[in-house]
């Protein structure tokens, strides 16, 4: 293609683009002119200083503008907090109201259009002092518009979507939340129960109806910081419990508003059951809530609430009453460890002469640093640390006699943290009830402990000993020897088949029987430890001086592994469902389930 042909095509393309752009601009300009021509009002939404919205059969909702974004409701009750963004939305939609079509210039009869009794009346007072009154009637036959009229002017049509934006109830126009901004978390809470019974004498003082109990105050420095109790005492708070209450308040939504309650007693608010106060996290203004009776007449029952300086009563769908503290210490943290386990770098456990040390390896995994064990149960270590973190005391103990017990504690758990700080958890036996004990938290407070918590915290290093008694490679077995019932059975594997070599005339009836023997003991996990040292144990005590069964597994030479032996002894008198056993793979005597012996007997039943 020649250069002049290319230049000609470029010029044609530029011309077409220019024509397209010009057409687009003309269409947009005409659309803007049409929009301006259809606009009913010439004022801006910021010019609206007062708005009145009256729906058919309802009182008018009236608000005055305080600033560019803020409003104040003056009717039906000036204590109703406004939903500022909704009032701004209505004002913006009113200022840009569009006339879709003029029906009549001077209508004489408004009844055919539903304007004799308007469905919606909006009155606006502008900054210059002038005012307008907009009325909406019925929907026109196409269902796309409604009849409307401004003051005594012409009859015209307005889109139903615009009518929807303007047709706002008081429920839409009021702020229905307990906080101004639900995205900003609460940082402080104050709570007190209120005495609702008749006056009474208690502990030398008179309690009047409406008197508050001890006030509990909790706070935190930021959303990420832990909650702390700051009154009536200083202590770390149980974060999860306080956070539940804070979240319930932050996201509660009001419903069923009664703006002019005749008698607050009808709602359990004279006096109220409880008070909650908090600084609004956005404005900082202190807000006080009075909690009343439960409201159960609807499908979703809630709680009657009244806010200080507001006349109205409303319902919130919230489990708030079930989350409130029943005692002054209910929000106090009862856990023994109030810091995170992940912050610990070393734990030193001392109980009498016994001692073990847990620490974190470079890869972050926990290990038993002292004493050295031949095999560890990593799950047991993690379970112990999890229990230390989650276990809670039954109650706090304020007693000098109990405090003295910690001068010589039975158990000491020293904690060393990554940041260089240290703390201790101490355990002391309850002298009056030996099955219970007292614990001093890592923050110094004392709690009582009972039940499984006592046993789980009084342990030794053997708690972390691996309970895997026997494990070997099943595919590498060359020889298998069984000593059982006074006979010694010897088997060897040839060409992947088991062959009996002793006693004379011993036959294997079913190859699967040998597989069942192997599967019964590999892997073999003990249910407990009877004695940690073979040398100190009395074999006769465990029936191992004359074992019920002795199994020896010899691997192929190519496996480069040693032969392993399992001895199964007598029944555990304390638990007949267990037997004692020992293995050449582990030091000590273990308890195994009787089921293992039952499986072995069944597998050898067909031996001939």
Exercise. On the given criteria, is residue 469 under 24 Å from residue 560 (Cα atoms) and within 55 Å of the chain's Cα centre (by Cα)?
Worked result: yes
Checking 254, 210 in turn, the sole residue that is modelled with pLDDT of 90 or more and on the phi > 0 side of the Ramachandran plot turns out to be 210
Is it true that residue 240 is under 15 Å from residue 310 (Cα atoms) and surrounded by fewer than 18 Cβ atoms within 10 Å (Cβ to Cβ)? no
Take residue 305 and tell me if it is under 23 Å from residue 214 (Cα atoms), surrounded by 16 or more Cβ atoms within 10 Å (Cβ to Cβ), touching a residue at least 24 places away in the same chain (Cβ under 8 Å) and touching a strand residue (DSSP E or B) at 6+ places or on another chain (Cβ under 7 Å). yes
Picking from 371, 353, 434, the residue that is closer than 22 Å to residue 451 by Cβ and either within 31 Å of the chain's Cα centre (by Cα) or not assigned by TED's automatic domain parsing to the domain that holds residue 587 (or both) would be 434
- Query: Taking the condition surrounded by fewer than 16 Cβ atoms within 10 Å (Cβ to Cβ) and in contact with a strand residue (DSSP E or B) (Cβ under 8 Å, 6 or more places away or on another chain), does residue 181 pass?
  - Reply: no
Of the residues in the stretch 111-136, those that are without any contact (Cβ under 8 Å) to a residue 40 or more places away in the chain, in contact with a strand residue (DSSP E or B) (Cβ under 6 Å, 6 or more places away or on another chain) and not in a strand (DSSP E or B) come to 114
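Let's see how each residue does on (1) under 22 Å from residue 508 (Cβ atoms); (2) surrounded by 14 or more Cβ atoms within 10 Å (Cβ to Cβ); (3) without any contact (Cβ under 8 Å) to a residue 60 or more places away in the chain; (4) more than 43 Å from the chain's Cα centre (by Cα):
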| site | (1), (2), (3), (4) |
| --- | --- |
| 522 | yes, yes, yes, no |
| 528 | no, no, no, no |
| 538 | no, no, yes, yes |
| 552 | yes, yes, no, yes |
| 556 | yes, yes, no, yes |
| 578 | no, yes, yes, no |
| 595 | no, no, yes, no |
Wholly inside the stretch 480-536, strands (runs of 3 or more DSSP E) that include 1 or more residues that are out of contact with any strand residue (DSSP E or B) (no Cβ under 9 Å at 6 or more places or on another chain) and farther than 19 Å from residue 596 by Cα are 487-494, 497-502
Condition set within 22 Å of residue 56 (Cα to Cα) and in contact with a strand residue (DSSP E or B) (Cβ under 9 Å, 6 or more places away or on another chain), scope the stretch 96-110, selection modelled with the lowest pLDDT: answer is 107
Within the stretch 365-410, the residues that are assigned to a strand (DSSP E or B) and surrounded by fewer than 16 Cβ atoms within 10 Å (Cβ to Cβ) are 367, 369, 370, 392
Matching residues in the stretch 198-231 (touching a strand residue (DSSP E or B) at 6+ places or on another chain (Cβ under 8 Å) and surrounded by fewer than 10 Cβ atoms within 10 Å (Cβ to Cβ)) number 2
Scanning the stretch 80-103 residue by residue, those surrounded by 14 or more Cβ atoms within 10 Å (Cβ to Cβ) and over 50 Å from the mean Cα position of the chain (by Cα) turn out to be 99, 100, 103
- Could you say whether any residue in the stretch 137-146 is under 13 Å from residue 102 (Cα atoms), in contact (Cβ under 8 Å) with a residue 24 or more places away in the chain and assigned to a strand (DSSP E or B)? yes
- [ ] Could you please let me know if residue 143 is in the same structural domain as residue 167 (by TED's automatic domain parsing), farther than 30 Å from residue 70 by Cα, under 49 Å from the mean Cα position of the chain (by Cα) and surrounded by fewer than 15 Cβ atoms within 10 Å (Cβ to Cβ)?
- [x] yes
Out of curiosity, is residue 156 surrounded by 15 or more Cβ atoms within 10 Å (Cβ to Cβ) and either assigned to a loop (DSSP other than H, G, I, E, B) or free of Cβ contacts under 8 Å to residues at least 60 places away in the same chain (or both)? no
Matching residues in the stretch 259-292 (surrounded by 16 or more Cβ atoms within 10 Å (Cβ to Cβ) and over 22 Å from the mean Cα position of the chain (by Cα)) number 21
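The values are calculated or read from the model by the stated rules, or taken from the named source; none is laboratory data. Predicted, not measured: the structure shown is a model, and the values here were computed from it. Virtual Cβ from ideal backbone geometry, glycine too; neighbours counted across all protein chains shown.
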